[in-house]
Amino acid sequence: MARLLFSAIASLDGYTVDSSGSFEWAHPERDVHAFVNDLERDVGTYLYGRRMYETMRVWQDLPGDSPEPVIADYAAVWQGADKVVFSSTLTGVSTPRTRLESRFDPARVRELVEDADADVSIGGPTLAASAFAAGLVDEVTLILVPVSVGGGTPALPRDLFVRLDLLDERRFEGGTVALHYRVDRS
């Protein structure tokens with residue numbers, strides 16, 4: 001059975017971007033990037049809001065001339081999955097295997113996950129907050145970078161109580177930590 005997964009790279013104080021909108025501090029080291037590649041290898045469909053889609057669509061044209069195997073690997077993972085973009089402002093999408101939906105409909109997303117042959121990943125904390133509120137998210141992976149940015153966009157919804165059960169943890173050489181949780185619906 002497919003799961004709805006949410007993963008994010010965040011600062012230690014819980015933000016995916018800082019107050020200026022930058023996430024340069026979150027650029028993963030090679031070992032963290034390889035971990036993310038493996039984490040997303042079994043994803044069959046990515047769900048994005050407009051901003052996350054606009055950020056991620058660069059992977060359609062990568063690896064380009066990049067000599068980094070980890071970059072080529074992630075590009076192949078991303079290109080091999082379907083994408084659904086939820087946006088009321090976009091008029092079209094520019095990547096293959098991508099469809100546009102005008103709004104996030106929890107019932108349709110639930111059905112998509114139930115009918116999926118592979119896991120579904122929801123990208124971006126704003127869209128994920130809607131999925132959390134609807135009780136759709138099954139698992140969460142937070143990759144915490146050892147920096148504190150003091151504000152910005154929170155990785156997890158600020159106005160919603162979500163109980164999480166720790167499934168796994170991993171520490172990386174540079175101090176980044178990955179925490180994998182199951183959403184406790186009890």
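The values are calculated or read from the model by the stated rules, or taken from the named source; none is laboratory data. Nothing here was measured: the structure is a model prediction, and the numbers come from that model. We place every Cβ from the backbone using ideal geometry, glycine too, and count neighbours over all the protein chains shown. Heads up: the accessible areas ignore ligands, DNA and RNA and are worked out on the full protein's heavy atoms, side chains in. Shrake-Rupley method; radii C 1.70, N 1.55, O 1.52, S 1.80 Å.
Which condition from (1) within 15 Å of Gly124 (Cα to Cα); (2) in contact (Cβ under 8 Å) with a residue 24 or more places away in the chain; (3) not basic (Lys, Arg) is the one that Ser22 breaks?
(2)
If you scan the stretch 153-186, which residues turn out to be in a loop (DSSP other than H, G, I, E, B), small (Gly, Ala, Ser) and in contact (Cβ under 8 Å) with a residue 60 or more places away in the chain? Step through it out loud before you land on a result.
Within the stretch 153-186, the subset in a loop (DSSP other than H, G, I, E, B) is 155-163, 172-176, 184-186.
Narrowing further to those that are small (Gly, Ala, Ser): 155, 174-175, 186.
Within the stretch 153-186, Ala155, Gly174 qualify.
Six or more apart or on different chains, Cβ under 6 Å: which pairs go from a residue in the stretch 103-128 that's in contact (Cβ under 8 Å) with a residue 40 or more places away in the chain to one that's aliphatic (A, V, I, L, M) and open to solvent by 20 Å² or more (accessible area, probe 1.4 Å)? Could you list them?
Asp119/Leu5; Ser121/Leu5; Gly123/Met52; Gly124/Met52
Being among the aliphatic types (A, V, I, L, M), surrounded by 15 or more Cβ atoms within 10 Å (Cβ to Cβ) and either under 20 Å from Leu127 (Cβ atoms) or in contact with a strand residue (DSSP E or B) (Cβ under 6 Å, 6 or more places away or on another chain) (or both) is the filter here; which residues of the stretch 52-76 pass it?
Met52, Met56
With the requirement that a residue be assigned to a helix (DSSP H, G or I) and either among the basic types (Lys, Arg) or touching a strand residue (DSSP E or B) at 6+ places or on another chain (Cβ under 6 Å) (or both), what does the stretch 97-118 give you?
Pass one, the stretch 97-118, residues assigned to a helix (DSSP H, G or I): 106-115.
Once the filter is applied, which keeps residues that are assigned to a helix (DSSP H, G or I) and either among the basic types (Lys, Arg) or touching a strand residue (DSSP E or B) at 6+ places or on another chain (Cβ under 6 Å) (or both), the stretch 97-118 yields Arg108, Arg110, Val113.
Residue under question is Val17, and the condition is that it be touching a Phe, Trp or Tyr at 6+ places or on another chain (Cβ under 6 Å) and crowded, with 17+ Cβ neighbours inside 10 Å; does it hold?
On the way: touching a Phe, Trp or Tyr at 6+ places or on another chain (Cβ under 6 Å): yes; crowded, with 17+ Cβ neighbours inside 10 Å: yes.
Yes.
Looking only at strands (runs of 3 or more DSSP E) that fall completely inside the stretch 1-87, which ones have 1 or more residues that are of a type outside the set (Phe, Trp, Tyr) and farther than 24 Å from Thr153 by Cα?
Working: elements: 4-11, 15-18, 43-49, 82-86.
In the stretch 1-87, 43-49, 82-86 are the strands (runs of 3 or more DSSP E) which contain 1 or more residues that are of a type outside the set (Phe, Trp, Tyr) and farther than 24 Å from Thr153 by Cα.
Among the residues of the stretch 168-179 satisfying the criterion of being touching a strand residue (DSSP E or B) at 6+ places or on another chain (Cβ under 6 Å) and open to solvent by less than 50 Å² (accessible area, probe 1.4 Å), which is nearest to Arg30 (Cα to Cα)?
Start the filter on the stretch 168-179 by keeping residues that are touching a strand residue (DSSP E or B) at 6+ places or on another chain (Cβ under 6 Å), which leaves 168-171, 176-179.
With the extra rule that they be open to solvent by less than 50 Å² (accessible area, probe 1.4 Å), the set shrinks to 176-179.
Values: Thr176: 12, Val177: 14, Ala178: 14, Leu179: 18 Å.
Filtering the stretch 168-179 for residues that are touching a strand residue (DSSP E or B) at 6+ places or on another chain (Cβ under 6 Å) and open to solvent by less than 50 Å² (accessible area, probe 1.4 Å), the one nearest to Arg30 (Cα to Cα) comes out as Thr176.
What are the pairs with Cβ atoms under 8 angstrom where one residue, in the stretch 85-96, is within 10 Å of Arg57 (Cα to Cα) and the other, located anywhere, is of a type in the set (A, V, I, L, M)? Sequence gap at least six, or different chains.
From residues that are within 10 Å of Arg57 (Cα to Cα), the pairs are Val93/Val85; Val93/Leu100.
Determine which member of the set Ser94, Ser130, Ser121 is in a loop (DSSP other than H, G, I, E, B) and either open to solvent by 40 Å² or more (accessible area, probe 1.4 Å) or under 27 Å from Glu29 (Cβ atoms) (or both).
Details: Ser130 fails: in a loop (DSSP other than H, G, I, E, B); Ser121 fails: in a loop (DSSP other than H, G, I, E, B).
Sole residue among the options that is in a loop (DSSP other than H, G, I, E, B) and either open to solvent by 40 Å² or more (accessible area, probe 1.4 Å) or under 27 Å from Glu29 (Cβ atoms) (or both): Ser94.
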